[in-house]
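**Q** The structure follows.
The values are calculated or read from the model by the stated rules, or taken from the named source; none is laboratory data. Please read all numbers here as calculations on a predicted model, not as lab measurements. Using ideal geometry, Cβ is built from the backbone for each residue, glycine included, and neighbour counts are taken over all protein chains shown. These accessible areas exclude ligands, DNA and RNA; they are computed on the full protein's heavy atoms, side chains included. Shrake-Rupley method; radii C 1.70, N 1.55, O 1.52, S 1.80 Å.
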Amino acid sequence: MSVQPSAELLLETILSNPGEAVVGFGLDGAIFLWNQGAETLYGFSRQEILGKSVTCLLPLYELPAHENLLQAPSCAASLSDAVTERLNRFGLRVSVRVQRSPVRDAQGEIIGILERGQALAPGSSCSIAEAHLRLLVEQIPLFFWTTDSHLRVTSHWGRTASLARSFPRYPVGQTIYQYLRCQDDGEVPVKQHFLALNGVCSRVEYASRNRLYDLSIGPYRDLEGKIIGCIGMALDITERRKTEEEIRFRASHDGLTGLSNYREFFENLEQEVRRAERTRQPFALLLLDLDDLKTINDRLGHLTGNRALNRLARVMKDHCRATDVAARYGGDEFAILLLDADGERGQSVADRISSCLRSQTDPPPLSVSIGCSVYPEDGVSAPELLEAADKRLYQNKKSRDSAAPKPDKQHTESART
């Protein structure tokens, strides 16, 4: 019958091992255990180090992960057997392979963390590569994970603030459904993992908790090339997408009014002409000209003129459907593309816009001249429709010039005030 060694003897053997640095620290980070191997590896004597914070051994990039460990010490086992770096008493970095485990009291409550570290051979390509990879992964806005063939998470690296809001902090052991917060096999990220198990690499955008991620998922192979799971990568592209959308918006919209610009409007007009050729559905085009804008600018200033342009733009938006396109055509000229509309509806929208402007009490009083054309009665191409609407606009403008309201002295003073 074999004799089992006592726990005390095992602990003494571990602590006396000069080739292994054993460091114990409490949940406040204070070091309470320091063996001869730790003294040899890190250079601090037991008298110097006991009671000090274990952060004196950690590089800066390790501090966030250390704070997470103190807040959730039960996850210490999942962080074991990792290659990392520690600082010796001279501030130099030492490449080590560490294993961590929780320390419990008699009631089973975790009271600290035990870290066992072994120095890697100086100049070892493995230690240098792994340490640099860890340093890189901890700082870039990427998150990596691997799964087994049953889609359970087996490892993960990387941490950023945004990713922490969307992904579980300690996912090892969770299913990919829990990890990516998916409900069933039909959701895209889960489907991509099943494809990866069949050797297919894929890339997909994934939204979670108001963030947008670029997911790359592929097969995880062993040294013989056999697929043993999946490997995935998440890149937070939320801010990049917002920037792209803002750039696209600025390129296609007028900076003053927020309406579509000439280029965007003309592209929509040509696209609608092509659609109408196929569907034989009519549409209407309105060209609008804000009356007396030059007079307003000269008498009241360009700031008031800009406000007048914005007043017309707001009225146009209020009388357009979501499918219609309202644009600042250039200077004091505007345009509206009314989809699936005939001449009667086009004239109705024009009348409502004119009436709304006339009823405004804000100085100066505004009026607008409008010309309408309809596909296909007035033309079957974008230039023909624009020319027809432009002719009617100036016919209406000429007939109204004598009756158009002009800013008087009272309006001038009140507008400047």
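**Q** Assuming L259 fulfils every condition listed in (1) touching a strand residue (DSSP E or B) at 6+ places or on another chain (Cβ under 6 Å); (2) free of Cβ contacts under 8 Å to residues at least 12 places away in the same chain apart from one, which condition is it?
**A** Unmet for L259, out of (1) touching a strand residue (DSSP E or B) at 6+ places or on another chain (Cβ under 6 Å); (2) free of Cβ contacts under 8 Å to residues at least 12 places away in the same chain: (2).
**Q** Being open to solvent by less than 50 Å² (accessible area, probe 1.4 Å) and either modelled with pLDDT of 65 or more or among the polar types (S, T, N, Q) (or both) narrows it down to one residue among V380, V374; which is it? Give the steps one after another, and end with the answer.
**A** On the way: V380 fails: open to solvent by less than 50 Å² (accessible area, probe 1.4 Å).
The match here is V374.
**Q** Any residue in the stretch 185-211 that's on the phi > 0 side of the Ramachandran plot: show its pairings with residues that are open to solvent by less than 80 Å² (accessible area, probe 1.4 Å) at Cβ separation under 6 Å, as long as the two are six or more apart or on different chains.
**A** G199/P219; R209/S166
**Q** Let me ask something additional. Are any residues in the stretch 178-208 out of contact with any helix residue (DSSP H, G or I) (no Cβ under 8 Å at 6 or more places or on another chain) and assigned to a strand (DSSP E or B), and if so, which ones?
**A** Those that are out of contact with any helix residue (DSSP H, G or I) (no Cβ under 8 Å at 6 or more places or on another chain) and assigned to a strand (DSSP E or B): R203, E205, A207.
**Q** Working only within the stretch 205-217, note down all residues that are open to solvent by less than 80 Å² (accessible area, probe 1.4 Å), modelled with pLDDT under 90 and not small (G, A, S).
**A** First, the residues of the stretch 205-217 that are open to solvent by less than 80 Å² (accessible area, probe 1.4 Å): 206-208, 211-217.
Next cut, modelled with pLDDT under 90 only: 206-208, 211-213.
Within the stretch 205-217, Y206, R211, L212, Y213 qualify.
**Q** Related question: Just name the residue that is farthest from T323 (Cα to Cα) out of those in the stretch 340-371 that are open to solvent by less than 20 Å² (accessible area, probe 1.4 Å), β-branched (V, I, T) and not in a helix (DSSP H, G or I).
**A** Ranking the candidates gives V368 first.
**Q** Next question. Just the residues that are touching a residue at least 40 places away in the same chain (Cβ under 8 Å) and either among the acidic types (D, E) or open to solvent by 20 Å² or more (accessible area, probe 1.4 Å) (or both), please, taken from the stretch 309-324.
**A** Residues of the stretch 309-324 touching a residue at least 40 places away in the same chain (Cβ under 8 Å): 309-313, 315-317.
If the condition is that a residue be touching a residue at least 40 places away in the same chain (Cβ under 8 Å) and either among the acidic types (D, E) or open to solvent by 20 Å² or more (accessible area, probe 1.4 Å) (or both), then N310, K317 are the ones that fit.
**Q** So how many residues does the stretch 240-262 have that are out of contact with any helix residue (DSSP H, G or I) (no Cβ under 9 Å at 6 or more places or on another chain) and not basic (K, R)?
**A** Narrowing the stretch 240-262 to residues out of contact with any helix residue (DSSP H, G or I) (no Cβ under 9 Å at 6 or more places or on another chain): 240-250, 255, 262.
The next check asks that each one be not basic (K, R); those that pass are 243-247, 249, 255, 262.
Qualifying residue count, the stretch 240-262: 8.
**Q** Only one residue in L114, L63, L120 is of a type in the set (A, V, I, L, M), at negative phi and surrounded by fewer than 14 Cβ atoms within 10 Å (Cβ to Cβ), so which one is that? I'd like the intermediate steps shown before the answer.
**A** On the way: L114 fails: surrounded by fewer than 14 Cβ atoms within 10 Å (Cβ to Cβ); L120 fails: surrounded by fewer than 14 Cβ atoms within 10 Å (Cβ to Cβ).
It is L63.
**Q** Can you find a residue that is open to solvent by 60 Å² or more (accessible area, probe 1.4 Å), out of contact with any Ser or Thr (no Cβ under 6 Å at 6 or more places or on another chain), modelled with pLDDT of 80 or more and of a type outside the set (K, R) anywhere in the stretch 74-83?
**A** No, the stretch 74-83 has no match at all.
**Q** Tally the residues that are of a type in the set (K, R) and open to solvent by less than 60 Å² (accessible area, probe 1.4 Å), restricting the search to the stretch 221-266. Break it down stepwise before answering.
**A** To start, the set of residues in the stretch 221-266 that are of a type in the set (K, R) comprises 221, 226, 240-242, 248, 250, 263.
Still in the running and open to solvent by less than 60 Å² (accessible area, probe 1.4 Å): 241.
The total comes to 1.
**Q** Moving on to the next point. Check off (1) surrounded by 15 or more Cβ atoms within 10 Å (Cβ to Cβ); (2) at pLDDT below 80; (3) closer than 28 Å to H193 by Cβ for L151 and give me the number that stays unchecked.
**A** (2)
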